[in-house]
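*Asks:* Provided herewith is a single structure, encoded as structure tokens, for subsequent inquiry.
The values are calculated or read from the model by the stated rules, or taken from the named source; none is laboratory data. Given the structure is predicted, the values throughout are model-derived calculations rather than measurements. Please note: Cβ atoms are built from the backbone with ideal geometry, for glycine as well, and neighbour counts cover all protein chains shown. With ligands, DNA and RNA removed, areas are computed over all heavy atoms of the protein, side chains included. Shrake-Rupley method; radii C 1.70, N 1.55, O 1.52, S 1.80 Å.
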Amino acid sequence: MAKAPLTFSQILLLSLAISIPSLNSQEFATKLSKREMGMIKREELTHLHFYFHDVIGGSKPTSVVVAQAATTASDPNRFGEVLVVDNRLTVGPNLSSRAVGRAQGMYALSDMGDAGDLVVFNLVFAEGRFNGSTLTVVGRDAVLSAEREVPVIGGTGVFRFARGYARTRTHLLDVKRGYVVEEYHVYVFHY
């Protein structure tokens, strides 16, 4: 008995299957050893303490509004406002204190019922052992709470494979000048 001729769709599928490289020739994921990734050292827990200076007002702001909803101005929590930041990190609460890095990223006022922000920051360190290394902080910051916690989800350099959290509190809030200082205690595991 003669076989039925292939349909156009079957021919098309067959030619596509032949022209696609084998999945075995280009692997999507491979198993690595911890040694290959530099993870043979013992994991460390590091505590970092610094102050975060958020300058919203004045002639040289470090936080600027880049987007907002049509209703943001009339909302008591400024819901929908997005700011991009490049804030100084210092060892002391004064802006003139020795700088240890920058917080670069953004925050979005994302809580309609309370004052809460979505923060997305890279903490970029510029001093000592951590010079050139970063930690990435992403999470909710309940800005009116006395003390807050946000997760540290990764990092680079010394902080490669980092995980942990940052505990923050407002040290100074000067609404008139548009200036906020937050104290950070960061607890992070890394290799």
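*Asks:* With a 1.4 Å probe and all protein chains kept in place, how much accessible area does HIS53 have, in Å² rounded to the nearest 10?
*Replies:* HIS53 has an accessible surface of roughly 0 Å² with all protein chains in place.
*Asks:* A further question on this structure: Per DSSP helix of 4 or more residues, -39500 (n - 2.57); summed, then divided by the residues of the chain. What does that give at 222 nm, rounded to the nearest 500?
*Replies:* Computed mean residue ellipticity for the chain: -2000 deg cm²/dmol.
*Asks:* Something else about it: Filter the GluC sites (Glu not before Pro) in segment 23-107 to those in DSSP coil with at most 14 other Cβ atoms within 10 Å of their Cβ, and list the result.
*Replies:* Within segment 23-107, the qualifying GluC sites (Glu not before Pro) (loop, at most 14 other Cβ atoms within 10 Å) are GLU27, GLU36, GLU43.
*Asks:* A further question follows. Sort the chain into rounded, prolate or oblate with this rule: let a ≥ b ≥ c be the square roots of the eigenvalues of the Cα gyration tensor; rounded if a/c is under 1.5, and if a/c is not under 1.5, prolate when a/b is larger than b/c, oblate otherwise.
*Replies:* In terms of gyration-tensor shape, oblate.
*Asks:* Can you list the HN-Hα couplings for segment 97-113, worked out from phi with the Karplus curve (6.51, -1.76, 1.60; θ = phi - 60°), rounded to whole Hz and with x for Gly and Pro?
*Replies:* 3J(HN,Hα) across segment 97-113, in whole Hz: 4, 4, 7, 10, x, 9, 9, 10, x, 7, 9, 10, 6, 10, 10, 6, x.
*Asks:* A further question on this structure: Once amide H atoms are built 1.01 Å from N in the peptide plane, which residues 5 or more positions from HIS171, or in another chain, come under 5 Å H to H?
*Replies:* Those lying under 5 Å, H to H, from HIS171 are VAL181, GLU182, GLU183.
*Asks:* Also, quick follow-up: Each residue of segment 37-45 in turn: what ³J(HN,Hα) in whole Hz from Karplus with 6.51, -1.76, 1.60 and θ = phi - 60°, glycine and Pro shown as x?
*Replies:* Once θ is set to phi - 60°, the couplings for segment 37-45 become 9, x, 9, 7, 5, 6, 5, 10, 10 Hz.
*Asks:* Please give the net charge around GLY154, taking every other residue with its beta carbon less than 11 angstrom from that of GLY154, where Lys and Arg add +1 and Asp and Glu add -1.
*Replies:* Its environment carries a net charge of +2.
*Asks:* Could you derive backbone 3J(HN,Hα) for segment 161-178 from the dihedral phi with the Karplus parameters 6.51, -1.76 and 1.60 (θ = phi - 60°), listing whole Hz in sequence and x where the residue is Gly or Pro?
*Replies:* Each residue of segment 161-178 in turn: 6, 5, 7, x, 8, 10, 9, 10, 8, 7, 8, 8, 10, 10, 5, 4, 8, x Hz.
*Asks:* So how much slack lies between SER59 and SER97, counting 0.36 nm per residue of separation and subtracting their Cα-Cα distance, in nm?
*Replies:* 11.7 nm
*Asks:* Using Cα atoms only, what is the angle between the long axis of helix 8-19 and the major principal axis of the chain, expressed in degrees (0 to 90) to the nearest 10?
*Replies:* It is inclined by approximately 70 degrees.
*Asks:* Calculate the FRET efficiency for THR72 and SER145 from the Cβ-Cβ distance with a Förster distance of 30 Å, rounded to the nearest 0.05.
*Replies:* 0.85
*Asks:* Rolling a 1.4 Å sphere over the protein heavy atoms, what is the accessible area per residue of the chain, to the nearest Å²?
*Replies:* 64 Å²
*Asks:* Can you tally the net charge around SER96? Count Lys and Arg as +1, Asp and Glu as -1, for every other residue whose Cβ sits under 15 Å from the Cβ of SER96.
*Replies:* +3
*Asks:* Here's something else I'd like to know. Under the 0.36 nm per residue contour assumption, what length would be gained going from the current alpha-carbon distance of LYS41 and VAL84 to full extension?
*Replies:* Full extension from LYS41 to VAL84 adds 11.8 nm.
*Asks:* May I ask you to list the trypsin sites (Lys or Arg not before Pro) in segment 43-138 that are in a DSSP loop and have at most 15 other Cβ atoms within 10 Å of their Cβ?
*Replies:* Counting only loop positions with at most 15 other Cβ atoms within 10 Å, the trypsin sites (Lys or Arg not before Pro) in segment 43-138 are ARG98.
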